[in-house]
Amino acid sequence: MSKHQEKPLIAAALGHRPSRYPAWFMRQAGRYLPEYRAVRAKVDFTTLCQSPDLAAEVTLQPLRRFDLDAAIIFSDILIPCVAMGQSLTFDKGEGPVLSRPVRSGADLKALKRPVAAKDLGYVGEAIAKTKASLQASQTMIGFAGAPFTVASYMIEGAGSKTFTEVKKLLFTDATTLTGLLELIGDVTIDYLQMQVASGADILMLFDTWAGQLTGPDYRQFVFPVTKRVLSTVRQTTGVPVIYFPGQGVDKMHELKDLEVDVISVDWRTRLSVAQGVLKNVGLNVSLQGNLDPQTLIAPEALLRSKVRSLLEEVRTIAPRGHIFNVGHGLLPHTPPESLTTVLDELRRFQF
Ligand code: CP3
């Protein structure tokens, strides 16, 4: 068997025919699993991410329960910010908080420029440990946050609904914003290359907040550095890359000339619409997604019919390749049995 046929997810990412329908779930490791909560009861989140044995253990937890085609390394998009000198905490119910938000040229200058192999080596170790437990058909996914999404947290110092500090910087000190995006870009390239050297088979770049900018601002400030990260890691490592532009099909209009293998589609956008827009700008890519993660709280019969509808839509639009997934991360109240139901329906579906 060739390398591609061995791993269905990689085959689909490259537009080859997979030996079976590849499936995984964004945030498949996490608080909806009691075995994850048991680990978290003993250790805080950042320490968990920085402990290779524990990180590998929670990465593998969902693969023990469910028939999945991939493991995504357990970490967070904000972990590199710790290596850049900010401290990361999670306030109960409030999401991530980063110390010393970056709001001026002086703040930018004060950031450290980490070396991934040294300062983020624990992520590489966790990948190597996880990979040793995977079957040949299973794919090891490495990831990072995209520069704009990571910059948003670094500037706001926390999650935001309005992104006021980000926009203030964009309107009054674009040099600092661009400098920060380029620095994150450099750090991210090194970090993703290290993940591949440690065993990652494919890389995903999460741009959850891409939808917060207008199309022209996205194209001017965010697209160049995002393209640089994806092109560089793709060319230097040879592994396929997935880009997730969160919250908005309109950002897909701005992706002309992006070098990418898979676009992960937010649940708010129909796959057929995404495919049309991407074709319009000349991107011939595979698609990933995009069940609404809240569908997993629906009664079983309805959940099964929603999975079937999604698969029927895929059959109609016939993308180059398709990776089954949710269209954003699983939520903490997700019943674990729902993942079994979704995967069962997927495996029954006749193409
Ligand atoms: O299983 C996996 O998908 C791998 C692990 C993973 C986490 N975060 C673990 C996590 C991944 C891929 C991420 C990505 C991430 N983190 C994104 C991009 C994808 C998305 O969801 O939009 C973003 C924006 C973040 C930032 C972040 N981290 C937020 C907003 C939060 C708080 C919200 C929440 O769910 O609590 C986190 C914390 C976080 N990251 C948790 C987990 C399992 C929960 C922390 C805990 O255990 O208390």
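The values are calculated or read from the model by the stated rules, or taken from the named source; none is laboratory data. Computed from a predicted structure; not experimentally measured. Here Cβ is always computed from backbone atoms with ideal geometry, including for glycine, and neighbour counts include all displayed protein chains. With ligands, DNA and RNA removed, areas are computed over all heavy atoms of the protein, side chains included. Shrake-Rupley method; radii C 1.70, N 1.55, O 1.52, S 1.80 Å.
Which members of the stretch 80-94 meet the condition of being on the phi > 0 side of the Ramachandran plot and at pLDDT below 90? Talk me through it step by step, then tell me what you get.
Step one: filter the stretch 80-94 for residues on the phi > 0 side of the Ramachandran plot, giving 85, 93.
G93, the sole residue that qualifies.
Taking the criterion of being hydroxyl-bearing (S, T, Y), touching a strand residue (DSSP E or B) at 6+ places or on another chain (Cβ under 7 Å) and closer than 24 Å to S137 by Cα, the only residue of the stretch 1-53 that qualifies is Y21. Taking the stated definitions as given, is D76 among the acidic types (D, E), outside any helix (DSSP H, G or I) and more than 9 Å from the ligand (Cβ to nearest atom)? So D76 does not fit the description; no. Take the conditions of a type outside the set (A, V, I, L, M), surrounded by 13 or more Cβ atoms within 10 Å (Cβ to Cβ) and either part of a helix (DSSP H, G or I) or more than 15 Å from the ligand (Cβ to nearest atom) (or both) and apply them to T341. Does it pass? Yes: the conditions hold for T341. From the list L183, L177, the lone residue that is closer than 16 Å to V82 by Cα, outside any loop (DSSP other than H, G, I, E, B) and over 17 Å from the mean Cα position of the chain (by Cα) is L183.
Go through (1) more than 11 Å from the ligand (Cβ to nearest atom); (2) under 20 Å from G121 (Cβ atoms) for F45 and report which single condition fails. Among (1) more than 11 Å from the ligand (Cβ to nearest atom); (2) under 20 Å from G121 (Cβ atoms), F45 violates only (1). Screening the stretch 50-70 for residues that are over 22 Å from G124 (Cβ atoms) and over 17 Å from the mean Cα position of the chain (by Cα) and picking the one that is least open to solvent (accessible area, probe 1.4 Å) gives F66.
Is it true that P332 is open to solvent by less than 70 Å² (accessible area, probe 1.4 Å), assigned to a loop (DSSP other than H, G, I, E, B), at pLDDT 95 or above and touching a strand residue (DSSP E or B) at 6+ places or on another chain (Cβ under 6 Å)? No, not satisfied. A38 passes every criterion in (1) of a type in the set (G, A, S); (2) within 12 Å of the ligand (Cβ to nearest atom); (3) in contact (Cβ under 8 Å) with a residue 24 or more places away in the chain; (4) open to solvent by 30 Å² or more (accessible area, probe 1.4 Å) apart from (3). Filtering the stretch 1-16 to residues that are open to solvent by 10 Å² or more (accessible area, probe 1.4 Å) and at pLDDT 95 or above leaves K7, I10, L14, G15, H16.
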